[in-house]
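The values are calculated or read from the model by the stated rules, or taken from the named source; none is laboratory data. Bear in mind the structure is a predicted one, so any value in this text is a computation, not a measurement. For neighbour counting, all protein chains shown are included, and Cβ atoms are generated from backbone atoms with ideal geometry for every residue, glycine included. With ligands, DNA and RNA removed, areas are computed over all heavy atoms of the protein, side chains included. Shrake-Rupley method; radii C 1.70, N 1.55, O 1.52, S 1.80 Å.
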Amino acid sequence: MSPLPVDLGDGAILRRLTLDDLEELWAVVEHERERLGRWMPWLALTQTIEQERTWLGSVSANRRSLEGCGVFVDGRYVGGVGLMPDPYGIAAEIGYWIDSEHEGRGLVTRAVGALIDIGFGEMGVNRIVIRSGVENLRSRAIPERLGFVFEGVERGGGRGTDGYHDLNVYSMLRDEWRP
């Protein structure tokens, strides 16, 4: 089903994660834990490499979802992206993060664009959603840059190390996407 890997340019690729990526994935997660923890609820549930291995094994085995994908620059893991369809194939949600060293290079925007192509193309969904912390300006810039429609604020819909926070909800419909 998946047209992965995708060449993102400048030595970067988007591909599915495998169990062989565990050590490198864990090292980046640990290095970025404090910064990402403010926005990412999964960090609180991922305290050990064994918990990470369990998650990685489950997403690697799931061929319907592209939840477990990574951005690699010159062969090195630098961040995660995912496309998770709903059970009915109507909509999918995209999530993402990147290590601080690679922020601001357009890698996430290009990776998200590739996942949008896959969602509307191979998966055949009609709607893609991105949720981002209201105060997370870098994260909000991705859907805004890609032409998503701001739908509103999901009050208390996110959780991080500082507690619950509001999320901006963005969406795009298949006929609005111009690859």
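The mean sequence distance of close C-alpha pairs (under 8 Å, at least 6 residues apart), as a share of the length of region 1-72, puts its relative contact order at 43 percent. Rg over Rh for region 1-83 works out to 0.95, both radii taken from alpha-carbon positions and Rh defined as the Kirkwood radius.
Compactness of region 1-156, taken as the C-alpha radius of gyration over 2.2 N^0.38 Å, stands at 0.99. Once Rh is set to the Kirkwood radius over Cα pairs, what Stokes-Einstein translational diffusion coefficient, in µm²/s, holds for region 128-170 at a temperature of 10 °C and a viscosity of 1.306 mPa s? Stokes-Einstein gives a translational diffusion coefficient of 154 µm²/s.
Kindly state, to the nearest 0.05, the FRET efficiency for Glu103 paired with Asp7, given R0 = 22 Å and r defined as their beta-carbon distance.
Given R0 = 22 Å and the Cβ-Cβ separation, E is 0.60.
Residue-wise HN-Hα couplings along region 54-71, as the Karplus relation 6.51 cos²θ - 1.76 cosθ + 1.60 with θ = phi - 60° gives them from phi, are 4, 4, 4, x, 6, 6, 5, 7, 7, 7, 7, 9, 10, 5, x, 10, x, 9 Hz; Gly and Pro carry x.
Computed over region 60-113, the P(r) tail beyond 17 angstrom holds 39 percent of alpha carbon pairs. For region 91-175, the relative contact order is 30 percent, taking Cα pairs closer than 8 Å that sit 6 or more residues apart in sequence and dividing their mean separation by the residue count. Percent of accessible area on region 27-170 owned by carbon and sulfur, 1.4 Å probe? Exposed carbon and sulfur together represent 51 percent of the surface.
Think of it as helices only: each DSSP H run of n ≥ 4 in the chain is worth -39500 (n - 2.57), and spread over all residues that comes to -9500 deg cm²/dmol at 222 nm. Expressed in units of 2.2 N^0.38 Å, where N is the residue count, the Cα radius of gyration of region 92-179 is 1.09.
In the chain, Cα pairs under 8 Å separated by at least six residues give a relative contact order of 20 percent. Longest stretch of the chain clear of exposed loop sites (trypsin sites (Lys or Arg not before Pro), DSSP loop, at most 12 other Cβ atoms within 10 Å, sites excluded): 65-179.
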